[in-house]
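Asks: Submitted below is the structure of interest, expressed as structure tokens.
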Amino acid sequence: MHFHAFDAAYIESLCAGEQRTQEHFVSYFTALLHLKLRSRLQSPQAREDVRQETFSRVFAALRKDGGLREPDRLGAFVNTVCNHVLFEHYRSSKTTESLDEEGRPELPSRSANAFDMVATRQIKDKVREILLDLPFRERSLLKAVFLDERDRDEVCTAFGVDREYLRVLLHRAKQEFKTVYEKRIGNQAGFDAYSQKS
């Protein structure tokens, strides 16, 4: 599948209700969301409900003052909104969706799909850019823990601290990251998705 590059003109046209742009948006993201949702939800109706709610929230967000500050990240934004809608669906559904005959609630699939991989790559690229603006110590610490996913004890040894002080340093580093992030990009959902990994 060919991945579309979005820009400010596309967002403006979409918000203005231009028919061809809206048709493209719906067609393009329906295909991507289908890839994402078919491995997570067994019910076609549930998949359609999540897709429609995702589109509804995306359109509402785009039409607000300020809209999406980085139009080229529209794909990652739609993915983030879809993730929120999915988690709400998991919480609200009790017995309507199941993985097997025992009626256990359906869990999110851990298998990567094209949509997730593109969104994840975009987020990681942006995170690496922001890390370059941080002081060396904070940059090295966040990279070791979140990007390289090194063992915490190994990180403690490398930085000459204990686990308790590592938590303090991580908190400070994440606050520094957030400050730089908000200066560069604004307070968007992508930071929440990244920071929750801690």
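Asks: Highest mean first, what order results for 150-159, 32-41 on Cβ atoms within 10 Å?
Replies: Answer by packing, highest mean first, reads 32-41, 150-159.
Asks: Could you tell me the calculated FRET efficiency between Q45 and H4, based on Cβ-Cβ distance and R0 = 35 angstrom, to the nearest 0.05?
Replies: 0.80
Asks: Count charges around S140 for me, please; just the other residues with Cβ under 12 Å from its Cβ, Lys/Arg as +1, Asp/Glu as -1.
Replies: With Lys, Arg at +1 and Asp, Glu at -1, the net is +2.
Asks: Would you mind computing, in nm to one decimal, how far apart the modelled labels at E18 and R91 are, each placed 7 Å from Cα along Cα→Cβ?
Replies: For E18 paired with R91, the spin-label model returns 3.7 nm.
Asks: Taking loop as defined by DSSP and a crowding limit of 15 other beta carbons within 10 Å, which chymotrypsin sites (Phe, Trp or Tyr not before Pro) in region 42-82 fit?
Replies: Taking region 42-82 and a limit of 15 other Cβ atoms within 10 Å, no loop chymotrypsin sites (Phe, Trp or Tyr not before Pro) are found.
Asks: Between R167 and R63, 0.36 nm times their residue separation minus their Cα-Cα distance comes to what?
Replies: Full-extension gain reported as 33.5 nm.
Asks: If I stretch the segment between D148 and H34 completely, what's the gain in nm (0.36 nm per residue apart, minus their alpha carbon distance), one decimal?
Replies: Separation in residues times 0.36 nm, less the Cα-Cα distance, equals 38.0 nm.
Computed from the coordinates by the stated procedures, all read-outs in this text should not be read as laboratory data. Just so it is clear, the model here is predicted, and its values are computed rather than measured. Note: ideal-geometry Cβ built from the backbone for every residue, glycine included; neighbour counts use all protein chains shown.
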